[in-house]
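Notes follow once the structure below has been shown.
The values are calculated or read from the model by the stated rules, or taken from the named source; none is laboratory data. Predicted, not measured: the structure shown is a model, and the values here were computed from it. Neighbour counts are summed over all protein chains in view; Cβ atoms, including those assigned to glycine, are modelled from backbone coordinates with ideal geometry.
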Amino acid sequence: MANDGSDQTLALALLDQAACGLMQTLADGTFVRVNRTFCNWIGQPVEALLGRRRFQDLLTMGGRIFHQTHWAPLLQMQGSISEIKLEIVHADGSAIPMVLNAIRRQDNGVLVHELAAFIARDRDKYERELIKSRKRLEDLVAESARLQAEAKDRALFAEQMIGIVSHDLRNPLSSIQMGAHLLAQSDPSHGQQRVLTRVRRAADRANRLIADLLDFTQARVGKGLAVERREIDLHDAIRETVEELADVYPGRKLEHRRVGEGTCLADPNRLAQAVGNLVSNAMVYGSPDKVVMVTSSVQASSLTIEVHNDGPAIPPHAQAGLFQPMARGTNATNAGRSVGLGLFIVSEIAKSHGGKAHLKSTMDEGTTFGLTLPRE
């Protein structure tokens, strides 16, 4: 019997110092037993609880409502509940998050509830972080949806701009060009001829600008530039383009060099457009008294078109962004500046052919822009 009493005392001491809160209440929630661990957690002495307080009295207002509407009915129907998270009010008024398990049983003919409580501060913090993360995710999804809607609006606007530019600007420009051509045939004076030449060049430049804007819009919308490949002699196509450009830049030295022989599959109009943009760039930024050299090269599996000019080297930090839209050099006069789409369109023409644009610029060797494309 002595051993039994000693064992019972030891067991009660262990339960009193257990790592969790242990409680026994009557069916109405009045405390019958409570261990010291739980009392220490909530800052209340044992004698302040036993027979004096009910378990639900220690809950927050929201916890009391939950106890009445969920806890009590579930415990009565199921006989047990587990992992219910509630906040217990400390003696100082602060709330302690706890996870509780409870069972309903008979003890010497009396209906009692056995409760085990575990502090859940880390779990509570984790759950709050999850809620915050979910809120941030919802905000990001909403922002993404807003940006997608804006992108669709911009794409629609871009398509509308294509129609406006192609119809409302090209038609009057065609009338200007036709009028200038007719006036040039009416035996104008020397002064009138100079004015007509300026008008025609301005109209041609405006047409090229419109073409660049249309290509830029098409590339940015995501469709890429349209190309019509056919078998061509690369050198003949580039030679014709260089001859036409020589008339556009009178007084400047423009030459063509051929490397290799053979035909290739490419869009001659797009190649002419690329060469025109590169030559225009070379004329603006290159030395005016030096030769601008256009080289067409045919290799076994690829073809290369390059335009070289002498002049100040492009700073290394500026080279990487020159094929981006609206990128321009810094050593040109305002009269020679463009909107900065020429090199971007050259790059897009190269991509549409399955190739890429390239650049090399040094003080000793000058500047070379070009594009390398697959031959077939």
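Tell me the residue from Ala300, Ala357, Ala327, Ala332 that is at pLDDT 85 or above and assigned to a loop (DSSP other than H, G, I, E, B), please.
On the way: Ala357 fails: assigned to a loop (DSSP other than H, G, I, E, B); Ala327 fails: at pLDDT 85 or above; Ala332 fails: at pLDDT 85 or above.
Within the list Ala300, Ala357, Ala327, Ala332, the selection yields Ala300.
Could you list, in sequence order, the residues of the stretch 101-130 that are of a type in the set (D, E, K, R) and within 16 Å of Met23 (Cβ to Cβ)? So that I can check it myself, show each step before the final result.
Within the stretch 101-130, the subset of a type in the set (D, E, K, R) is 104-105, 107, 114, 121-125, 127-129.
Matches in the stretch 101-130: Arg104, Arg105, Asp107, Glu114.
Name the residue, out of Leu111, Leu86, Leu74, Leu100, that is farther than 19 Å from Ala48 by Cα and either in contact with a Lys or Arg (Cβ under 6 Å, 6 or more places away or on another chain) or loosely packed, with under 13 Cβ neighbours inside 10 Å (or both).
Values: Leu86 fails: either in contact with a Lys or Arg (Cβ under 6 Å, 6 or more places away or on another chain) or loosely packed, with under 13 Cβ neighbours inside 10 Å (or both); Leu74 fails: either in contact with a Lys or Arg (Cβ under 6 Å, 6 or more places away or on another chain) or loosely packed, with under 13 Cβ neighbours inside 10 Å (or both); Leu100 fails: either in contact with a Lys or Arg (Cβ under 6 Å, 6 or more places away or on another chain) or loosely packed, with under 13 Cβ neighbours inside 10 Å (or both).
Result of the check over Leu111, Leu86, Leu74, Leu100: Leu111.
Given the conditions (1) more than 30 Å from Tyr126 (Cβ to Cβ); (2) over 57 Å from the mean Cα position of the chain (by Cα), and given that Gln76 satisfies all but one, which numbered condition is not satisfied?
Result: Gln76 passes all but (2).
Only residues in the stretch 201-230 that are assigned to a loop (DSSP other than H, G, I, E, B) count as the first member; pair them with residues that are at pLDDT 75 or above and loosely packed, with under 14 Cβ neighbours inside 10 Å, Cβ under 9 angstrom, at least 6 apart or cross-chain, and list the lot.
Val227/Asn269; Glu228/Asn269
Does Arg170 satisfy being surrounded by 10 or more Cβ atoms within 10 Å (Cβ to Cβ), part of a helix (DSSP H, G or I), of a type in the set (Lys, Arg) and without any contact (Cβ under 8 Å) to a residue 12 or more places away in the chain?
no
May I ask you to verify whether Asn281 is over 22 Å from Val227 (Cα atoms), in contact (Cβ under 8 Å) with a residue 60 or more places away in the chain and assigned to a helix (DSSP H, G or I)?
Details: over 22 Å from Val227 (Cα atoms): yes; in contact (Cβ under 8 Å) with a residue 60 or more places away in the chain: yes; assigned to a helix (DSSP H, G or I): yes.
Yes.
For the list (1) hydrophobic (A, V, I, L, M, F, W, C); (2) in contact with a Leu (Cβ under 6 Å, 6 or more places away or on another chain); (3) modelled with pLDDT of 90 or more, I need the number of the one condition that Leu343 fails.
Unmet for Leu343, out of (1) hydrophobic (A, V, I, L, M, F, W, C); (2) in contact with a Leu (Cβ under 6 Å, 6 or more places away or on another chain); (3) modelled with pLDDT of 90 or more: (3).
What do you reckon, is Leu371 modelled with pLDDT of 90 or more and either touching a helix residue (DSSP H, G or I) at 6+ places or on another chain (Cβ under 7 Å) or surrounded by 23 or more Cβ atoms within 10 Å (Cβ to Cβ) (or both)? Let's see the steps before the verdict.
Details: modelled with pLDDT of 90 or more: yes; either touching a helix residue (DSSP H, G or I) at 6+ places or on another chain (Cβ under 7 Å) or surrounded by 23 or more Cβ atoms within 10 Å (Cβ to Cβ) (or both): yes.
Answer is yes for this residue.
Condition first: assigned to a helix (DSSP H, G or I), free of Cβ contacts under 8 Å to residues at least 24 places away in the same chain and under 56 Å from the mean Cα position of the chain (by Cα). Now tell me which residues in the stretch 8-57 satisfy that.
Within the stretch 8-57, Thr37, Cys39, Asn40 qualify.
Of a type in the set (Gly, Ala, Ser), surrounded by 14 or more Cβ atoms within 10 Å (Cβ to Cβ) and touching a Pro at 6+ places or on another chain (Cβ under 7 Å), is that true of Ala237?
Numbers: of a type in the set (Gly, Ala, Ser): yes; surrounded by 14 or more Cβ atoms within 10 Å (Cβ to Cβ): yes; touching a Pro at 6+ places or on another chain (Cβ under 7 Å): yes.
So Ala237 passes the test.
Taking the residues in the stretch 13-57 that are of a type in the set (Ser, Thr, Tyr) and over 20 Å from Ala120 (Cβ atoms) as candidates, determine which candidate is surrounded by the most Cβ atoms within 10 Å (Cβ to Cβ).
Let us first name the residues in the stretch 13-57 that are of a type in the set (Ser, Thr, Tyr), namely 25, 30, 37.
Checking the rest, the ones that are also over 20 Å from Ala120 (Cβ atoms) come to 25, 30.
Values: Thr25: 21, Thr30: 17.
Residue satisfying both the conditions and the ranking: Thr25.
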